[in-house]
Amino acid sequence: MRITDEITIEDWELTEQFTRASGPGGQNVNKVDTAVQLRFEAARSPNLPGPVKTRLKRLAGRRWTKEGAVVIEAREARSQVRNREIARARLADLIRKASVAPKKRRPTRPTKGSVERRIKAKKVRGEVKALRGRVEE
């Protein structure tokens, strides 16, 4: 499965388990295992660079297991094939997001004009509040 130009996932890294799904489907729901649980052994994957694994772990959240696997469940569609496609697409999106390194934040200072505008607005506000006091007779 091709994720980006640098990252591809081999089929042996993915395991799928099929279970019965709830929801629409009539009798089909009670008879056929349509829900898919896709498991990707991310921590042991030789195709993922270290920083991508770290970001993937943070992005996956509860879907990341103690063993270092990402578990994705799909049960939206009525067919097993469609749920497989949905689960694989979700995994690919998650890995794509993890492969993008966040931009470094460079601290900046406010401009002189913005500081002056802020202080002027504070003074105007203070004057408005000062006028709310008791009226002297």
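Structure values in brief
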read-out	value
Search result, residues across region 95-137 that are surrounded by 10 or more Cβ atoms within 10 Å (Cβ to Cβ) and of a type in the set (Asp, Glu)	GLU116
Within region 54-89, considering residues that are part of a helix (DSSP H, G or I) and basic (Lys, Arg), the one surrounded by the fewest Cβ atoms within 10 Å (Cβ to Cβ)	ARG62
Qualifying residue in region 54-62 (condition: closer than 17 Å to ALA21 by Cβ, basic (Lys, Arg) and modelled with pLDDT of 85 or more)	no
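The values are calculated or read from the model by the stated rules, or taken from the named source; none is laboratory data. Because the structure is a prediction, the values reported are computed rather than measured. Here Cβ is always computed from backbone atoms with ideal geometry, including for glycine, and neighbour counts include all displayed protein chains.
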